[in-house]
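These notes concern the structure reproduced below.
The values are calculated or read from the model by the stated rules, or taken from the named source; none is laboratory data. What you see is a predicted model, and the numbers here were worked out from it, not measured in a lab. Note: ideal-geometry Cβ built from the backbone for every residue, glycine included; neighbour counts use all protein chains shown. To get the accessible areas, we keep the full protein, side chains included, count just its heavy atoms, and leave off ligands, DNA and RNA. Shrake-Rupley method; radii C 1.70, N 1.55, O 1.52, S 1.80 Å.
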Amino acid sequence: MEHERPNPDALLTSVRREEAAKKSGRLKVFLGMCPGVGKTYAMLEAAHRELAAKRDIVIGYVETHKRNETAALAHGLPQIPRRQLEHRGVTLTEFDLDATLVRHPQLALVDELAHTNAPGSRHPKRWQDVTELLDAGIDVWTTLNVQHVESRADTVRQITGTEIKETVPDSVLDDAVIELVDLPPAELVQRLREGKVYVPDRAAMAAQNFFREGNLTALRELALWLVADHVGVDTREYRQIQNSAGPWKTGHCLLVAVGPGPYSEALIRWTRRMADGLRSRWLAVHVESPHPLPETVQAQLEKNLARARELGAQVVTTTDDDLVRGLLRVAREQNATQIIVGKTIGAGGLARLRSDRLLRRLARESGDIDLHVVRAEKSDGLQAKKQWRPAFASSFQQYLVAVGVVAATAVLNLGLMQLAGPRVPGLVFLLVVVLLALKLGRGPVLVAGALSALVWNYFFLPPRYTFFIESVDDAVLFGLYFVVAIVLGQLVARIRAQEQAERGREERATALYELNRDLAEATSRDEVIWQLVSEVNRVFEAPVAIALPMSGRLAAHPDSSLTLTEKELSVADWAFRQRKAAGRFTDNLPGAEALHLPLATDRKAFGVLALSLPHQRLTLAQRDLLETFARQAALVLDRVELRSAAEEARLVAESEKFSRTLLNSISHELRTPLAASTSAASALAASRTMAPEQRQELIGEIQMANARLNRVVGNLLDVARLESGKVLPRLDWHDARDLVQTTLRELERELAAHPITQDLPPGPVLVRLDDSLIRHALANLLLNAANYTPPGTPIEVHAQAADGNLTLSIADHGPGVPAEWLPRIFDKFFRSPGAPTGGSGLGLTIVKGFVEAHGGTVTAENRPGGGALFTMRLPQLEKPPEVEPG
């Protein structure tokens, strides 16, 4: 009943996946064979059903392609306005990720998963936007054509001759729910002719190329296989949890047993041909014995497994001292429906007997799994030579211990025999053999059993000092010594072998866990290399080097513990370019001193791991562990590089955004006062009979425009000073009341439309500050309040010196600042949505810079009764000088 129990590892993996799924959103993909099958239409229909079920749903981005039926379905669903981007003079609309995150619906519809975002977007690809929504706990529905799945892009290119430039990694679809939107090719071609897919001119061209009926049939089959593969993975995961006794034959899955023998390669090729005919996945399974293999046998086994990988098998290795039990365990875990094994041809009698016994057990215990017995020919490669291995692998010291314990027991039994007769010493000898079996190996236990039987017979059984046995009971008891010794030795050897195998699996799992834990914390390439080198050194106890591309050639990283010669670097370069293992114990450049494994992902190679093993070949489990180390390190290096590239892209996007904002705002800020000044000056020059009042009004406009222009240029210069770190306040004693009132007089014209309320100390308040900088900061806060509130809105100015601080605050009764924009209000070039035209987004940045140059702080908040409140706090570390009266 062991195989009917749930697999604990699979159960734990499922629980962890479910916990992760609860924290993140679920992805549903409406998949089609090509454009025009109705993916978006089906998604919108399902969205209306969700909306009727009172689910919070919004359209983040839906592309109707001017199809009236699709556009009609989009009406009635809440939508997030699209974000507009300028690129090379063209206005583009894109999915607004930030607005969707702020809205945070239960479900968001984001069409065209493989779409490439416009330059200036946070992510280059839309699937990355979707990933961020999922991480935020938002469910996402999207659409995708099969040609945009990365693993199918090459096949689509071969079928249609069209190069697919936009792809989605298969890993994005791993945890997704896929719904196939299908349409017969003939109906799709008819829709194309009716203009329901493309406009007429484009439809005619598409019908002659991509949308030929043969192409559509092949794409339809490809989409069906993709969905079937995805469902098959879900079925296998569920079966691993349930661990049902028999396979679920929802699809074919072949399993071929691979060993070090000369017949395995032919079996592998036979299974590959059968898998191609059934279009099914197939496994190459090796059951590793606890006993080590000779070097030549190990080499042949590695060659067989490497050939299986080359032919596309999923290679699985497991450890078990029972071949049949190991094979059937893997078959049930992987939902294999057919097992392929070879039959022995031309072998000796013992080999045939062993093979027949294996086949009978497989046929009896495989249950519903089909069994194929294939006649295989020997491969032309290396033939595994039979080598005798001693059955007893115990040390010489254990044999000495066994002999010594038996001798000591014999001395003890000489005393017991005087009290209880010859039978009691026999039982004591038997007890000693049982106890020795708990500590010693199979060989010493067998020696102890035989020796104790002989000693008991010779010294204790009558007639004594002979090996003759008179009694039948004594003969039976004498024979039991050998039976007990053999049974106990075999049992203990099996238990110890299983214990050793479990300990080895535990050590490998622990090593992999520790490496993943350390790599997860790495933030740079150097940290990844350092963690990888230290972990490989610790686990394999051998010097290791990491070769990385530097200046067009490979060079060893400084953290390496192995020195690479020019010859070794050339081998590493071959492994790097070919993305294959090379060097010692491989078929590629085997004359090298080290084993070279590429650090590569599907995207690119990042370097080579070189391990020096001069005297020993890695076991299969060790080789798998080392390759897993290399793969994990490559994935982390890929992640670090992509993160760096994403950060660079973000910085470039931010830079472009800042540049556009600066150019737009500065051009407006400069053009407006220049236009006003030019218009007023032209009016003055054109009129010779202008009334004095009109002349003064025009002169005032010119002065106001010049003042505004002067502020814009001053703000730019101040920002440049702040970024260069050259703002050093010149501290002196000033009256706080006079500072506020002087600033208000300078802005009298700009603040004319707003009543000003002053709450100032009744008498002079001396504070130590830079009068020019603080007046500039205070002026920016006052102008900000005037620009963002309607005319007639009161503005309050407060000043107070207490507790070692000067507090200056500007309050208004306007609409206030949206709460989500408060943390960014002092950022450079930031202007909240809905802000009035004009303004460069630099005023509050300058306020913050000038106040912080004094060691102070500035805050922004919304008042409970409405309006915004900006507060500057300037520390006063010295007591003001006493002012003499009079």
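For Ile340, enumerate residues with amide H under 5 Å from its amide H, sequence gap 5+ or separate chain, H modeled in the peptide plane.
Distant-sequence amide H within range of Ile340: Leu255, Val256, Ala257, His372.
Quick one: what are the phi-derived ³J(HN,Hα) couplings along the stretch 626-636, Karplus 6.51/-1.76/1.60 with θ = phi - 60°, whole Hz, x for glycine and proline?
5, 5, 5, 3, 4, 5, 5, 4, 5, 5, 5
Cα atoms only: what Rg and Dmax, in Å, come out for the stretch 121-172?
Both quantities, over Cα of the stretch 121-172: 12.9, 40 Å.
What does the charge count around Ala786 come to, taking other residues whose C-beta lies under 12 Å from its C-beta (Lys +1, Arg +1, Asp -1, Glu -1)? If you can, show how the numbers build up before the last one.
Numbers: positive: Arg749; negative: Glu748, Glu750, Asp812.
That sum, taken over residues with Cβ under 12 Å, equals -2.
If you build the convex hull over the alpha carbons only and average its shadow over all orientations, what do you get for the stretch 420-516? Give it in nm² to one decimal. Don't skip to the answer; put the middle values down first.
On the way: hull surface 27.6 nm².
Approximately 6.9 nm², given one-decimal rounding.
Would you tally the net charge around Arg553, using a Cβ to Cβ cut-off of less than 15 Å, leaving Arg553 out, and scoring K and R as +1, D and E as -1? All intermediate terms of the calculation are to be shown ahead of the outcome.
Details: positive: Lys567, Arg577; negative: Glu566, Glu568, Asp573.
Local net charge: -1.
Using modelled backbone amide H atoms (1.01 Å from N, in-plane), which distant-in-sequence or interchain residues come within less than 5 Å of Gln79's amide H?
Ile59
With 18 Å as the limit, write out which pairs from Lys39/Lys125; Lys567/Lys604; Lys39/Lys66; Lys848/Lys879 have Cα-Cα distances beyond it, or answer none.
On the way: Lys39/Lys125 20 Å; Lys567/Lys604 24 Å; Lys39/Lys66 15 Å; Lys848/Lys879 25 Å.
Exceeds cut-off: Lys39/Lys125; Lys567/Lys604; Lys848/Lys879.
On average, how much accessible surface per residue is there in the stretch 446-591, in Å², for a 1.4 Å probe, leaving out ligands, DNA and RNA?
55
Pop out the ³J(HN,Hα) list for the stretch 360-367 in order, Karplus 6.51 cos²θ - 1.76 cosθ + 1.60 with θ = phi - 60°, rounded to Hz; leave Gly and Pro as x.
4, 5, 4, 5, 6, 9, 6, x
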